[in-house]
Ligand code: ADP
Ligand code: MG
């Protein structure tokens, strides 16, 4: 049975803080000001409508402003970009041209989102270069030559530019490893090593991650100088914001189950995760016949197509998006009402990232996540439950049985 959870939502959205926002006209940015940010930055935050720092921002910013190395762990959609971005903008010399900060992210989309957010947070004179694969390298070289002050990019392209001697990191004072767990998942560790070796040892290194696996810890140990650790993973808080269910299903009934679920839930917007690119394509083909406003995204699609798909989903034009993990991770859209794990994620951490898309810093309130689990996948579900430290509730759909009934005896 589906139960309505009555827990008061421990809302981590800065926007939910009505008390401080109602008098924010007379005393703007008090909570941001308390973090030690300068009037210029505070004015800019006011401009873009940030009224209250999120929990990770509250903890991360004051320490990062001192120049210390910091690691920050918090769920997706909790404002980690501003957490590392604001202290860097405060400390760098905005009058000087040239590369002062390097920010590494796992995907093109994430690099672009980080760059967009920094553009909003910084002065309009700020010069950024986004150095990612799948985009013309010429233009990137041009932005570097024109004195880009912050370089945001994926390790592969950054290495490429380094080896071509188009990028010089000698003057870099700030290095950020954003979504460190995912960069390691993708196998960027050797690239990160090479890049870090080219950065001056006198620097501030900030690391952000939704999860802190042993591997991430090793990365921090190797490249950071006695980092201060901030852990806001707060697993149960994360879980309260999203109602999570699993549904037992036979593999060959997943499609009909998905159809049924969509019909019942009529989601405002739904993100459906598959494990493979081919699986994503197949599902898209099936549902595109019946539904409009549906799209698919995975790593094999050309970049312009991926951009368009994300843009349409963000604007609400697309209501159902089918995605694989690597690309799905790059979708910074937090107001999604429904997440459906059509395939159980391969890694437990992916589960956390997937459902992190629902209901965060958003207006939709509580999001819902459904995970389709076949009989053989029981142990995987258990692993996920261990990872999130709670039991996922079973969801029953009225008279529809996604498990094939046993054949009658005389069959
Ligand atoms: P994360 O990196 O933790 O996944 P982001 O930095 O991408 O999160 O932020 C998620 C969303 O929240 C972005 O759209 C961002 O503009 C918004 N945001 C971040 N901080 C604040 C804030 N203090 N007030 C309002 N919105 C914020
Ligand atoms: Mg982020």
For this session: With a Förster radius of 25 Å, plug the Cβ-Cβ distance of residue 116 and residue 142 into 1/(1 + (r/R0)^6) and report the FRET value to the nearest 0.05.
Result: 0.85
Exercise. For labels at residue 385 and residue 126 in the simple 7 Å Cα→Cβ model, what's the distance in nm?
Worked result: 4.4 nm
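Please give the calculated 222 nm ellipticity per residue for the chain, where each DSSP H segment of at least 4 residues contributes -39500 (n - 2.57) and the sum is spread over every residue; nearest 500 deg cm²/dmol? Could the numbers behind the result be given before it?
Numbers: 18 runs with 166 residues, N = 411.
Computed mean residue ellipticity for the chain: -11500 deg cm²/dmol.
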For this session: May I ask you to give the average projected area over all directions of the convex hull of the Cα atoms of the chain, in nm² rounded to one decimal?
Result: 21.5 nm²
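Can you tell me what share of the DSSP beta bridges in the chain is antiparallel? A percent to the nearest 5 is fine. If you can, show how the numbers build up before the last one.
Working: 0 of 50 bridges.
Of the beta bridges lying entirely in the chain, close to 0 percent run antiparallel.
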For this session: Rounded to the nearest 0.05, what FRET efficiency do residue 68 and residue 317 give with R0 = 45 Å and r taken as the Cβ-Cβ distance? Could you check?
Result: 0.55
For this session: On a 0 to 90° scale, report how tilted helix 108-121 is relative to the longest principal axis of the chain, with both axes built from alpha carbons and the result rounded to the nearest 10.
Result: 50 degrees
Problem set entry | Label point distance in nm, residue 401-residue 346, each placed 7 Å from Cα along Cα→Cβ | 3.5 nm
Exercise. Relative to the present Cα-Cα distance, how much length would full extension add between residue 376 and residue 252 at 0.36 nm per residue of separation?
Worked result: 43.3 nm
For this session: Run through the DSSP bridge list for the range 8-232 and note the antiparallel percent, rounded to the nearest 5.
Result: 0 percent
Problem set entry | GNM top mover of 181, 252, 325 - the chain, alpha-carbon springs below 10 Å | 252
Seminar exercise, completed: Residue separation between residue 286 and residue 33 times 0.36 nm, minus their alpha-carbon distance, gives in nm 85.9 nm
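Neighbouring Cβ atoms within 10 Å as the yardstick, rank 50, 395, 400 fewest first. Provide the component values of the computation, followed by the final result.
Numbers: 50 22, 395 17, 400 13.
Least crowded to most crowded, the residues run 400, 395, 50.
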For this session: Please determine, in degrees from 0 to 90 and to the nearest 10, the orientation of helix 277-288 with respect to the longest principal axis defined by the Cα atoms of the chain, where the helix direction is its Cα long axis.
Result: 60 degrees
Exercise. Computed over the Cα atoms of the range 238-394, what is the ratio Rg over Rh, Rh following Kirkwood?
Worked result: 0.93
Seminar exercise, completed: Length gained, residue 197-residue 170, 0.36 nm per residue minus C-alpha separation, equals 8.7 nm
For this session: Return a whole-number percent for the relative contact order of the chain, with Cα pairs under 8 Å and 6 or more residues apart as the contact set.
Result: 18 percent
Seminar exercise, completed: Quick P(r) readout (the range 8-232; Cα-Cα; 5 Å bins; whole %) gives 1, 7, 16, 19, 20, 16, 11, 6, 3, 1, 0
For this session: Given the options 340, 247, 88, state which has the largest fluctuation in a GNM of the chain using a 10 Å cut-off (strictly under) for Cα springs.
Result: 247
For this session: Relative to the longest principal axis of the C-alpha atoms of the chain, give the angle of the C-alpha long axis of helix 254-265, reported between 0 and 90° and rounded to the nearest 10°.
Result: 80 degrees
For this session: Calculate the spin-label point distance for residue 263 paired with residue 231, positioning each point 7 Å from the Cα along the beta-carbon direction, and give it in nanometres.
Result: 4.6 nm
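We did not get these values from a lab; they are worked out from the coordinates using the rules stated. Just so we're clear, the structure is a prediction, and the values are computed from it rather than from any experiment. Reconstructed Cβ throughout: ideal geometry from the backbone, glycine too, with neighbour counts over all protein chains shown.
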